[in-house]
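Below you'll find the structure, written out as structure tokens, and then a few comments.
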Amino acid sequence: MNLQPLYDVKQRLEQAAIAGAGLLREDFRLQRAAEQLKPLAAASPVLGKLDAGLEKLLSAPAEERSGLLLDLLALTDAVAYTQGETGAEGELIPLVAGSGDYCDVSYSQIQPLVTALTTTGGGRMEIVQESWKTHPECFTDFRVLPLLIADLADKFSGLADLNMRILAALGPAVIPVLKQGFNPAGKAAMARRVEALEKSAGAGENAFYLEMLPKSKGEVQLALIRALRHDPANGPRLVELCRTKKGEAQETAYWALVRSEAPEARQHYAALAQEDPDQALKYLRGVDGQDGWASHLTARLFQAELDRVEEGAPLTKKTQKRFALLLATLCGKRGEVFCQVCRRGAALGRLLEQPMEGSGGPMRFELSYGLSQAAKNWKNFRPQLALVLEGMLMRYPDPELRSLALELYREHGECWLPAALLAQLYALDSAACYAWGESQFYCCDGGARTVDPQAVDAYCRVFGNVQWSGERGRYEISPLWNYGPDAPFITPIAELDPRWFGLFAAAGIRMRHLLVNLLRGQRDRPDILAQMGDYLYNTGVTGDNPNYTHMYIQVLAGLGWRDWKDFFVKRGEYVGELIYLELKMGLEELPVSLEERIEALEAVSQLGRQGKIHFKFYNGWPEKEIQKWIDQWKLAQAKGETGNG
């Protein structure tokens, strides 16, 4: 039976639904399709029912056509679907091993991900990130996995690197497809394949790295050399590469050797330290170790340099360069040898801060270890050594390091306070930590109890790395160098005693922004609001930095502050001028209704027209811009939007 008349009727009914039922009687194509259906109607009861429905629709009064049209469309769709078939011609072939699995998701679900991996333009990385977060199973699907590997060559390196990390996280199942079609003379995409391989398989694919290395070039060769570090048996090969390669390849071989567990690594670097200590320190830098050979070798080189200083050797530019390398390399090392270096360096610190030969000034260092610098003389040796310990405590709050910090602070004071404060934040409960911290915060000047400026420096630096995590419901320490997926140095600490906030508020302007940072993210805290609400409100109104106004609003809103009437009027009258972005961001942060927001903006605008306040960088009051802004909010209000209230 030729069913084409049925499909013609279905198409014309769909067109009629789009054009409107009022035009049915003028639709000659529908009438013609109905005529062509009649021979089929005589052969099938179902098609006969459809034919009868068409006659009724075409002769019905205008007010009944819409309902009849919908009923007839539903019947036509049902009949058409019963004629459908499944299957395809040809032989059924299994998926190639490693090309992915079948995931029970429709194409419409994975289509945005497929588009992101196969096109160009902005917004694609966000789609891939969200898909990985919500539906990681889609990435092993045979419709996605090959595209993910192909997109390792994406021109946007950020997305290409994200694809590599996803492939590495998928584990051993994707190893065959990563190796399939691998080109050792390729470019960045092939180098990312190696990186994904070594992250997921480590030494398990050592034979592949060794096989591909002789044929490799450029970035791929460097990635393969880095991968050799996973298998200690590669020690002799890495030593050979250190001796025979040049340029980046040689640098990479040294990098891989120092991070391997090969016995040849210790021997090679011990010999290099004898020949060229600076070169050895260069490669030892960045190697973390609890108490391994890298820590011991670094400590031995540091102690040797301290010996020379203690024996009276003059301080020179060469000495300064060597100690800069030693300090940078010490960061990351741990264990008893690390503690011994810190103790001796602290004891000899004054000798190392004497004027250098011929220069008139002490040795100075530009190292920061990713920590904010507040201390006045932080470039001197002792503050730098204290920063090393502070940085290590940020990353590894070991009991051994905590004890060392408190010991050095007791014996040498001054620059060791930040490390000691960190140790107490980790070790004590909130009340005990506050009691200890308050006792260090003040000094006696002529009998009067005053805030110690050095304590302000120390507390700003330490608490500047403390933040509230709403996701985990706790305070955490996370150093400024803690970035990227491979550096998860986040350490929880006890809930901060609310008295800290009052202490910092009383310390003056230097600690205001620190206070805001500590309170951001807190939600519905009437205890903190009762203590700090008025202070934060008044500081937001009178603050001298307009870039922080919306942050004060954020904090107050989070804590539960409700009295927002005339906030920007008071601020405008106090400072005399506002910044457009300050007003815009601040008003959008206010947790009030659109009506209250409009009233606030109109009140500010009235002051502007009266000349009582003005906008910085504007010549006169921007009446048109303000009115446009008000009109937009009124339009949103008319649509039923309510704002944040």
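The values are calculated or read from the model by the stated rules, or taken from the named source; none is laboratory data. Predicted model, so just to flag it, every value in this text is computed and none were measured. Heads up, the Cβs are rebuilt from the backbone with ideal geometry, glycines too, and the neighbour counts pull from every protein chain shown.
Side notes on the structure shown:
- Where helices (runs of 4 or more DSSP H) sit wholly within the range 549-620, those with at least 1 residues that are in contact (Cβ under 8 Å) with a residue 24 or more places away in the chain, farther than 16 Å from TYR537 by Cβ and not aromatic (Phe, Trp, Tyr) occupy 580-589, 594-609.
- Those residues of the range 544-556 which are over 26 Å from the mean Cα position of the chain (by Cα) and either at pLDDT 95 or above or crowded, with 21+ Cβ neighbours inside 10 Å (or both), in sequence order: none
- For the range 403-416, the set of residues classified as part of a helix (DSSP H, G or I) and farther than 13 Å from PHE338 by Cβ consists of LEU406, GLU407, TYR409, ARG410, GLU411, HIS412, GLU414, CYS415, TRP416, listed by residue number.
- Among the residues examined, LEU559 qualifies as more than 20 Å from ALA431 (Cα to Cα) and either outside the structural domain of ALA603 (by TED's automatic domain parsing) or at pLDDT 90 or above (or both).
- Residues of the range 21-31 that are exposed (fewer than 14 other Cβ atoms within 10 Å of the Cβ), modelled with pLDDT of 75 or more and over 60 Å from the mean Cα position of the chain (by Cα): PHE28 alone.
- Qualifying residue in the range 200-214 (condition: closer than 30 Å to THR119 by Cβ and either at pLDDT below 95 or assigned to a helix (DSSP H, G or I) (or both)): yes
- Top-ranked residue of the range 395-416 - restricted to ones that are in contact (Cβ under 8 Å) with a residue 40 or more places away in the chain and under 13 Å from VAL462 (Cβ atoms), ranked as surrounded by the fewest Cβ atoms within 10 Å (Cβ to Cβ): PRO397
- For the range 219-246, a residue qualifies if it is small (Gly, Ala, Ser) and either closer than 25 Å to LEU301 by Cα or modelled with pLDDT under 95 (or both), and exactly one does: GLY235.
- Which listed residue is of a type in the set (D, E, K, R) and closer than 21 Å to THR115 by Cα, from ARG165, ARG193: ARG165
- From ALA265, ALA253, ALA249, residue being surrounded by 14 or more Cβ atoms within 10 Å (Cβ to Cβ) and modelled with pLDDT under 95: ALA265
- Candidates ALA419, ALA431 - the one that is surrounded by 14 or more Cβ atoms within 10 Å (Cβ to Cβ), at pLDDT 85 or above and assigned to a helix (DSSP H, G or I): ALA419
- So ASN183, is it polar (S, T, N, Q), over 24 Å from SER108 (Cα atoms), in a helix (DSSP H, G or I) and in the same structural domain as TRP255 (by TED's automatic domain parsing): no
- When LYS318 is tested against (1) on the phi < 0 side of the Ramachandran plot; (2) modelled with pLDDT under 95; (3) surrounded by 14 or more Cβ atoms within 10 Å (Cβ to Cβ), only condition (3) is not met.
- Top-ranked residue of the range 77-122 - restricted to ones that are exposed (fewer than 10 other Cβ atoms within 10 Å of the Cβ), of a type in the set (Gly, Ala, Ser) and more than 12 Å from ASP141 (Cα to Cα), ranked as modelled with the lowest pLDDT: ALA97
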